[in-house]
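Report on one structure; see the data block that follows.
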């Protein structure tokens, strides 16, 4: 297999698995990328796949109009390879090399008889450019309608931002280095980054790169975490030694951020998936953090809780992930309308199960990476209505639009992901006044 061909073959196979066989993008990348020895190839494959998935409506539109005979049911892998080829052209790779490697990949995939067609289609895309399409068309109709209903003034911007490449956000581990000193390390490495004025530990890189190229990554000086997720730490005001539960903690970024800020916090991080728990443990070890990490279902505390109340609880609840489509574009392929009701039930169950574990005057932060009101403001409103000792606490503009029952950041705002956050305090029921 010639230079670069293996990367194109890998990209086509990943796209075929996600588009034709309903596989998870994250899981397929995790299984495939380690097979590529060169980190540059791994980064290239991920960039090709993400671009092809974000722009698949446009690319498929081009194929539908340029092909005299539509591709058949058995041509899924060929279609995936063509989408990968189009993505390379829009990633501004050297066109000659990209086309040649993709044509060679067609031969390696036993499509020698179609290699000429692949060459012709990519050359046409190079000459004419690829057609434009409304970003909304990438969304299932039912979901696009829900977003437009929830955010009528912002819907077009949401769809457009969700089709764009996300910047790389870093969280500096203040336990080991200041943000200014880490900026110096980046400059020495020739990496440009911008500090976020509203987030004390955040740096933004407009160009993505493998984490292994980040100075001090393996030593725990820095982690990758979106700006919106980093803001969650600012929702807590905790006394030294406070006891905190991160109920749905994997991959562990928010628990780690809180521990980096205050080593005295007694943090318990739960997740129901044993594999994700192991990855969390690896993350905490890299960051040199002492966090009690357990595999447990947060919604059934009788199985794991020791009876000692928590001063603070974070519920970063399972959700539709509609705020992170630009990072997980396969959300638009796999999400079903019936999922939302099931997710809402799971979210409300977590709130009801964990609220009794919170100490008087304690803080519970409910968060999702969704932009749907049903999972966010409506969920919080319903919880407040049935929970007499819960009071909504204000959050500032760092957390986004005020929905009346929590704050919502929308995709792309401030360069961050879509994210919802509401802060609740346990109070004397007689003192509670619900928001209008």
Principal-axis tilt of helix 56-66 within the chain, Cα atoms, nearest 10 degrees: 20 degrees
Between region 338-415 and region 1-71, the Cα center-to-center distance that results, in Å: 36 Å
For the chain, built as a Gaussian network whose Cα springs stay under 10 Å, the top-fluctuating residue of 318, 301, 34: 34
Projected label distance in nm at residue 385 and residue 285, using a 7 Å step from Cα toward the beta-carbon: 4.8 nm
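From the square roots a ≥ b ≥ c of the eigenvalues of the alpha-carbon gyration tensor of region 228-431, which class results: rounded (a/c under 1.5), prolate (a/b over b/c), or oblate?
rounded
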Choice from 217, 86, 159 showing the highest fluctuation, given a GNM over the chain with Cα pairs closer than 10 Å: 217
Sorted peptide list for 132-145, 188-201, criterion being average Cβ within 10 angstrom, highest first: 132-145, 188-201
Peptides ranked, highest mean first, by Cβ atoms within 10 Å: ranges 20-28, 99-107: 99-107, 20-28
Isotropically averaged projected area of region 168-224, using the convex hull of Cα atoms (one quarter of hull area), nm²: 3.4 nm²
Choice from 93, 333, 205 with maximal GNM fluctuation in the chain (Cα, 10 Å cutoff): 93
Separation in nanometres of the label points that stand 7 Å from Cα toward Cβ, at residue 126 and residue 346: 4.5 nm
Residues in region 373-409 reached by a label modelled at residue 361 [backbone nitrogen below 16 Å; 7 Å Cα→Cβ]: 391
Percent of beta bridges antiparallel (DSSP, the chain, rounded to nearest 5): 60 percent
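Multiply the residue separation of residue 165 and residue 304 by 0.36 nm, subtract the distance between their alpha-carbon atoms, and state the gained length in nm to one decimal. Could you put the intermediate results ahead of the total?
Values: separation 139, 0.36 × 139 = 50.04 nm, distance 4.03 nm.
Contour length minus the Cα-Cα distance gives 46.0 nm.
With the Cα gyration tensor of region 123-279 giving a ≥ b ≥ c as the square roots of its eigenvalues, does the rule (a/c under 1.5 for rounded; else a/b larger than b/c for prolate; else oblate) give rounded, prolate or oblate?
oblate
What FRET efficiency comes out for residue 74 versus residue 333 if R0 is 22 angstrom and r is the Cβ-Cβ distance? Round to the nearest 0.05.
0.65
Go ahead and estimate [θ] at 222 nm for the chain from helices alone: -39,500 (n - 2.57) per DSSP H run with n ≥ 4, summed, over the residue count, rounded to 500.
Calculated at 222 nm, the ellipticity per residue is -12500 deg cm²/dmol.
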Tilt relative to the chain, helix 377-386 - C-alpha long axis, 0 to 90 degrees, to 10: 30 degrees
Proxy reagent accessibility, fewest Cβ within 10 Å first, across 293, 368, 387: 387, 293, 368
Global geometry of region 192-294, whether rounded, prolate or oblate, following the gyration tensor of its Cα atoms and the 1.5 cut on a/c: oblate
Pairwise FRET efficiency - residue 198 versus residue 35, Cβ, R0 = 30 Å, nearest 0.05: 0.15
Inter-centroid distance (Cα atoms) of region 198-228 relative to region 148-173, Å: 19 Å
Helix 179-188 vs. the chain, principal-axis angle (Cα, 0 to 90°, nearest 10): 20 degrees
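Quick note: the coordinates plus some simple rules give every number you see, no bench work behind them. Since we're looking at a predicted model, the values are computed, not measured. Backbone-built Cβ (ideal geometry, glycine too); neighbour counts: all protein chains shown.
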